[in-house]
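J.: Can you keep this structure in mind? I'll have questions shortly.
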């Protein structure tokens, strides 16, 4: 079996004008290498190995859910040093029902404030009555091989990790929003420090005998778990003022959990895994279906694939 | 970026102070959020430690810890998905689907699995379910009892807080409560207390209905009780107790069972209602009538809900519904359908004037004219019969034995003889009429010979001919199938196509597809097809498509679902049989306020046709008719209205007509509401009791959608400390909610079934736990002896306690719970609560090519019960076969189409919203869709010269200027922005629900003299309900299906006026 990176690369070659080039396979190996200089020295090697054993003995039904398989494969990938993993996402557009559970699941998981969204679902109507169809396109960060957002950052607050995840260091980000403009997918939004519930029920009596619950809602005051840290927004703390985007729920991967959008998808349209594992479900999905990437002519080489 | 020195902007400056509070260990005492009668949101010390740890940077992810997990059941919609709630420091931080329940993860983790492992896995849940956190912590939630300020009118927005027990006293005792004169208290309403007398009178009223006793005889016999009756000259109206009305919006098993226990049995009122007719009641009534069983000379006990087995069907046709919009409901249906779409094994067709999400994914979108679903189904049936693409072998099976011999579990009345009387199919021919058997048997013909048929005969297989007739002295009869074939042959396919506004080919293609997959094809319908005045008939026609191919019970066919264990007991294994536990139930009797389930002709009010208001013999939970009936005092006036978690004014077509009624203290002398917010209807109440959300309370919502083939018993339980005030009733602590209200009211009134020995000897009913833990015990112990779940071991007990360490005693007291459940059952109950219910594993859903829990029973092709009924306004008989009527007023007069009102108005729900709850209050969801729009096809928009964003107003024949009066000086309008699209049938205008609130946190109000500001964002968009046609015959109510009771949401024609 060919390495999936080679096959994917070939698909990525699909351009506006022409199709599948002959030299594509040869280009594959080069694509695996990171282009951008690391802004921050990510830990590599043994200390990045995670021993997630819990899934090993999990009993399941005879017809096992795809997610169990993906979680097992996730645990296997985490048992390798970070530089040996290569996370990709595969979205089966045939199965996406446009429910936006992923969008809201992500908002809830990452405690995103108003105006910040990591994974919208773009809905388009195609055709003329009565020959019309709706297309739904979930759009997370593509975690590009060649991310446009990375080189424009003046303070090197964003970079691509060895496992392919494009991350942001909120403590370093100055909120200039160059990266928002640079991303051809519009995957980044800015955190303006707003809250959902801060202005509600103004004037309600407070204190022990209060009749109305009042604001803010307690969940809005809790820190977010992004990047396996605790980000406390109080006092305008990070990530207020920062660029924000999907990070494949790295904090969940560390705990053996799939990204929230994958977990909660009611149509089971989203798959996630390690493309370096040639036996994995994501590799199966990519190699056995007609997959496309968005805006291939930009040559960003996204790591989010769409089954069409 | 760190900008600690910078002050936060003024938008939330004050609030940030509170946030600072939260993170500082110093404040554990005094802050309003943390202390006082409201149970602490955070368990104090642990929280302080965590905050310190968090502030230091690296931290542990606690969401996948079983000790931070409580499994419960959603209620953002009726589907009730199983949830896995993640709680950190007492705060609900994330809601996911449960991995253990097949509804939220079809290939579920084994029920008997390890909780620690399950905590690493998540099920799926829709956006509404995820945003339950916002519902729970809505800043506008009321947490103390509000009372209308004395001297201010209803709807004036002036409230004072009142102590819970004081409020209960006032409601019981009555008095000059609002400075407007005497208000009768509950003690003056609940006057019939004599149980034997209630039984005797109930029995005698039944005799009056059957004309075997006269009113005079009744009055003589019960002369000492006549003062307890509403009207001694009409004893069949029942006791004054009936003047208490319990009207529930969103209520489910658990609470609805308690509602009935309290209202029917303890209080002796017949008036407890759910909201089903504004959902899809005609769909349920159609299923129920078609599947009613024949027993002891009566048709009853039918299945009110069936669905295709989407997990295995090859072709599904959706009439007016889908799998990823609303229905029952997306997390289950979408996972099943999407799987089929991914593999290519499933083809789907959606009939809907609007390109819904589901239609957008379908292989065929058929944009039929609104309400023509029945015509389309009849067209399909005609083609199927004409082209011999029906399952005759199935249809010929006349009893259970014949069915079983064919490996079928269902059979039909297709071959039964139906008697023609007065030129119409009137009833099934009885065997005694042709001398072949008894009057409890029916008749089929086989090879020219008439045979008596008992539908339930398991031993003697009998098949009947589908085409046969009886013509003899005084009797003309034909088979039900013959009559059905004649009915569908009244029109040609071309005529049906014309009625539906589609091509003949589309009907033929659908019929061909439907009959190309054997038994792995099925027809599904829900709200869109039935919220019409002829909704019942539409439903019947669609159900019969399934019957024609005999798909019931087969893998991929029609399913009744896996059902549930008996949470109310009654099966041999259940420890508590609620049906027999009530210590002294009153015999509630009399006509219900909305005259549901009652026959006009049997009533002493019968005075020829039309009746003063319509009667509804075949339906129940007829929501829209309750308050308008009170206005007319027909059949009697009311004294006390208790509205629970509902907003009929907002969510009912023409519901605005109820505002003036509710504001009138002469019509509704005492109006009590119980809900989490001050809503569009409860704003007119005299008292509002805060309620617990579904995340703070108990419930036993039972099984899943019928598309769920495994057996499920879901439990709802408190996940976090309730926000409403903790109060004491007889010294026992509890949060204020519906249960606390009923317990306190029942105790104050000394009602049986509440308080001491309320749930049987030695079983007090003092706290909500006393009720719900017994339902959990029934589920845990199972229906059969030896069918219990395992007992929780020490490890599971430990997880159970630790996961609830943040809950106050008012909702979590292990001793109290153990007592309530019964000590012997307690470890089993804990096992169930640790999993949020009891679930059969999904590998048990099928047995070979059949469903493991198939529907077993008959389908009536001709519905005798309905054919015997009459429209109370016209006196005309209803039809036993599916009819094509189109929109009609209560007296059967057709609604005029077109003219000044050229557009057909339809409504729908987005997947991220429900009718009156969730949006726009839940702002995650509103970010997806800030407000609704007037959806128009491009062609129509061009004709009207309208573009995206142009604002327009809708008007109809009964509300030409599209306005309505809140009664407090504010006039609102049915107007919104235009959105132009292709995916809508020209001539149709579509408006989604969810929006157009004028309360629910959007409106300023004054509480104890403080002005509480509403958030105008919460009133964005508009509701189309006020332009929906008022039934000008019945008055003050919308058009209504006289059989199924469904409120007509989809029969209104409107004009569109730019503004």
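The values are calculated or read from the model by the stated rules, or taken from the named source; none is laboratory data. Predicted, not measured: the structure shown is a model, and the values here were computed from it. Note that we place each Cβ from the backbone using ideal geometry, even for glycine, and neighbour counts take in every protein chain shown.
J.: Of these, B:996, B:1021, B:976, which one is away from chain A (no Cβ under 14 Å) and part of a strand (DSSP E or B)?
T.: B:976
J.: So for the range B:682-698 (the condition being surrounded by 24 or more Cβ atoms within 10 Å (Cβ to Cβ), in contact (Cβ under 8 Å) with a residue 24 or more places away in the chain, farther than 27 Å from residue B:164 by Cβ and out of contact with any strand residue (DSSP E or B) (no Cβ under 7 Å at 6 or more places or on another chain)), does at least one residue qualify?
T.: no
J.: Looking at the range B:1042-1059 only, could you name the residues that are more than 17 Å from the chain's Cα centre (by Cα) and within 15 Å of residue B:595 (Cβ to Cβ)?
T.: Hits for the range B:1042-1059 are B:1042, B:1043.
J.: Scan the range A:131-155 for residues that are within 14 Å of chain B (Cβ to nearest Cβ) and more than 13 Å from the chain's Cα centre (by Cα) and jot them down.
T.: The answer is A:131, A:132, A:133, A:134, A:135, A:136, A:137, A:153, A:154, A:155.
J.: Quick check: anything in the range B:411-425 in a helix (DSSP H, G or I) and modelled with pLDDT of 95 or more?
T.: Checking the range B:411-425: not a single residue is in a helix (DSSP H, G or I) and modelled with pLDDT of 95 or more.
J.: Residues that are farther than 29 Å from residue B:798 by Cβ, buried (at least 23 other Cβ atoms within 10 Å of the Cβ) and in contact (Cβ under 8 Å) with a residue 24 or more places away in the chain: does the range B:80-103 have at least one?
T.: Scanning the range B:80-103, I find no residue that is farther than 29 Å from residue B:798 by Cβ, buried (at least 23 other Cβ atoms within 10 Å of the Cβ) and in contact (Cβ under 8 Å) with a residue 24 or more places away in the chain, so the answer is no.
Quick grid of which residues meet (1) outside the structural domain of residue B:947 (by TED's automatic domain parsing); (2) crowded, with 24+ Cβ neighbours inside 10 Å; (3) on the phi > 0 side of the Ramachandran plot:
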{"site": "B:980", "(1), (2), (3)": "no, no, no"}
{"site": "B:986", "(1), (2), (3)": "no, no, no"}
{"site": "B:1000", "(1), (2), (3)": "no, yes, yes"}
{"site": "B:1010", "(1), (2), (3)": "no, no, no"}
{"site": "B:1017", "(1), (2), (3)": "no, no, no"}
{"site": "B:1022", "(1), (2), (3)": "no, yes, no"}
{"site": "B:1027", "(1), (2), (3)": "no, yes, no"}
{"site": "B:1033", "(1), (2), (3)": "no, no, no"}
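J.: Which one of these is buried (at least 19 other Cβ atoms within 10 Å of the Cβ) and out of contact with any strand residue (DSSP E or B) (no Cβ under 9 Å at 6 or more places or on another chain): B:818, B:774, B:802, B:784?
T.: B:774
J.: Can you name every residue in the range B:199-232 that is over 36 Å from the mean Cα position of the chain (by Cα) and either at pLDDT below 95 or more than 26 Å from residue B:746 (Cα to Cα) (or both)?
T.: Selection gives B:212, B:213, B:214, B:215, B:216, B:217, B:218, B:219, B:220, B:221, B:222, B:223.
J.: Another question, then. Suppose we filter the range A:105-163 for residues that are assigned to a loop (DSSP other than H, G, I, E, B), in contact (Cβ under 8 Å) with a residue 12 or more places away in the chain and in contact with a helix residue (DSSP H, G or I) (Cβ under 9 Å, 6 or more places away or on another chain); how many remain?
T.: Residues in the range A:105-163 being assigned to a loop (DSSP other than H, G, I, E, B), in contact (Cβ under 8 Å) with a residue 12 or more places away in the chain and in contact with a helix residue (DSSP H, G or I) (Cβ under 9 Å, 6 or more places away or on another chain): 26 in total.
J.: Sticking with this structure for a sec: Tell me which residues, restricted to the range B:104-148, are in a loop (DSSP other than H, G, I, E, B), over 26 Å from residue A:200 (Cα atoms) and either at the interface with another protein chain (Cβ under 7 Å from one of its Cβ atoms) or without any contact (Cβ under 8 Å) to a residue 24 or more places away in the chain (or both).
T.: Correct list: B:105, B:107, B:108, B:109, B:110, B:113, B:114, B:120, B:121, B:122, B:124, B:125.
J.: Tell me yes or no: at least one residue of the range A:194-204 is more than 7 Å from chain B (Cβ to nearest Cβ) and within 23 Å of the chain's Cα centre (by Cα).
T.: yes
J.: To continue, here is another question. With the requirement that a residue be free of Cβ contacts under 8 Å to residues at least 40 places away in the same chain and either out of contact with any strand residue (DSSP E or B) (no Cβ under 7 Å at 6 or more places or on another chain) or not in a loop (DSSP other than H, G, I, E, B) (or both), what does the range A:184-208 give you?
T.: Of everything in the range A:184-208, those that are free of Cβ contacts under 8 Å to residues at least 40 places away in the same chain and either out of contact with any strand residue (DSSP E or B) (no Cβ under 7 Å at 6 or more places or on another chain) or not in a loop (DSSP other than H, G, I, E, B) (or both) turn out to be A:197, A:198, A:199, A:200, A:202, A:206, A:207, A:208.
J.: Exactly one condition in (1) within 13 Å of chain A (Cβ to nearest Cβ); (2) surrounded by 20 or more Cβ atoms within 10 Å (Cβ to Cβ) is not met by residue B:1037; state its number.
T.: (1)
J.: While we're looking at this one, here's another question. If a residue counts only when it is within 12 Å of another protein chain (Cβ to nearest Cβ) and surrounded by 19 or more Cβ atoms within 10 Å (Cβ to Cβ), which helices (runs of 4 or more DSSP H) contained entirely in the range A:209-300 have at least 3 such residues?
T.: Output list reads A:218-221, A:250-253, A:260-264.
J.: Taking the range A:52-99 only, how many residues are more than 14 Å from chain B (Cβ to nearest Cβ), surrounded by fewer than 19 Cβ atoms within 10 Å (Cβ to Cβ) and in a loop (DSSP other than H, G, I, E, B)?
T.: Here the count works out to 3.
J.: Next up: Return yes or no: is residue B:643 crowded, with 24+ Cβ neighbours inside 10 Å and not in a helix (DSSP H, G or I)?
T.: yes
J.: For the range B:823-848, which residues satisfy the criterion of being touching a helix residue (DSSP H, G or I) at 6+ places or on another chain (Cβ under 6 Å) and part of a loop (DSSP other than H, G, I, E, B)?
T.: Within the range B:823-848, B:825, B:834 qualify.
J.: Here's something else I'd like to know. Sort out for me the strands (runs of 3 or more DSSP E) sitting completely within the range B:259-360 that have 3 or more residues that are within 14 Å of another protein chain (Cβ to nearest Cβ).
T.: B:347-351
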